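Everything below concerns the one structure shown next.
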Amino acid sequence: MRKILVGAMAALLLIVSLAPAAFAQDANRLSQLKISIWPEYDTPTVLVLLDGTLADKTNLPRSVSLLIPSNANLTVTTWENADGSLAPEQPNQSVDAGDGFTRVTFTINQPNYHVEYYHDLLKGAPDKSMDWQFKSATPVDQVLLEVQQPLKATNFVLTPTTSTTRTDASGFKYYSYQFANVTTGQVLTTQAKYTKSDPNPSFQAPPSSQLPSSSASAPTTTSTASSSNDNLLLLAGLVGLGLIVILGIFVYQQRSRAVEELTANKMSPRQFQRQRRRARGTEGATVFCTKCGNPLGPDDNFCPKCGAQRRVV
């Protein structure tokens, strides 16, 4: 019993020691993040789209946070539905994060979120340049960074260079980079240079009077407790379970001893020793009365049934 108690305590210590390391993983880690950079797409500025996928797809709805440049114009914060459509725009909270960045927080009901913002980065004309950077607010397993070349741009050059390109059906050419295991606070950068004399963007948005009106409002969501609180509750539950197991073993051990002592007190020393020997299986072969055949105990000199004297072998 002592070995069992020691083993249970060792298991509890192992749980307590390993749990902090396991819970140290950022619950907001992304398995994938696609960053799309579209210079002069529908405005003279740069449109940036962020599409992130949570690694932990539980505890939804939940809050997510990301960093955008402080002088950027945030336009969309929402999530992507299972069918690929976007939910209505969600309310967000913005807090200065320092170093020229703003932390944006909003609630999502699905593991995929979508964010859009405009950033006035372009300099010069007709030879233009753009220095862009992204600071990760969470760890990301895989980042895909894609830069779109404006339709009427020439001499398009990126630094660092990349040979991975594609062209879509609309004639846009895309240059892409991939980054693995991006850490919290890591900064990704790229620089673009090109020539474009036409001041108009690649895509002309229709006038606001021609846009369809929408009366749909963003649904009200109830955010759950933060993942860090969930982790603390889980750790407390594991510790409590371990303590209950140890307490149960201790009570069982003490009760077994008490029952054994009580049994010993109610029996004569000879009866107690006889029971101990029987429990341990140390008794010899069974002896029977030569007169009536009744089994005799090791200390029975006379048959308890017929009274015949035990025959000495």
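Just so it is clear, none of the values below were taken in a lab; they were calculated from the coordinates. Just so we're clear, the structure is a prediction, and the values are computed from it rather than from any experiment. Neighbour counts run over all protein chains shown; Cβ positions are idealised from the backbone, glycine included.
Miscellaneous remarks
- Cross-linked pairs Lys34/Lys152; Lys34/Lys57; Lys57/Lys135: Cα-Cα separations exceed 21 Å for Lys34/Lys152; Lys57/Lys135.
- Amide H contacts of Lys128 (H built 1.01 Å from N, under 5 Å, at least 5 apart or other chain): Tyr194, Thr195, Lys196
- Here the Karplus curve 6.51 cos²θ - 1.76 cosθ + 1.60, taken at θ = phi - 60°, turns the phi angles of the range 52-61 into couplings of x, 10, 5, 6, 8, 9, 9, 6, 10, x Hz, with x standing for Gly and Pro.
- Under 20 Å from a label point set 7 Å out along the Cα-to-Cβ vector of Thr164, the amide N atoms of the range 43-80 belong to 48-55.
- Here the peptides 51-63, 71-83, 143-155 are ranked by packing, the mean other Cβ count within 10 Å, and the order with the highest first is 143-155, 51-63, 71-83.
- Amide H contacts of Thr102 (H built 1.01 Å from N, in plane; Pro and chain starts excluded): Ile68, Ser70, Ala97 sit under 5 Å, all sequence-distant by 5 or more or on other chains.
- The listed peptides 40-46, 157-163, ordered by packing as a protection proxy, come out as 40-46, 157-163 (highest mean of other Cβ atoms within 10 Å first).
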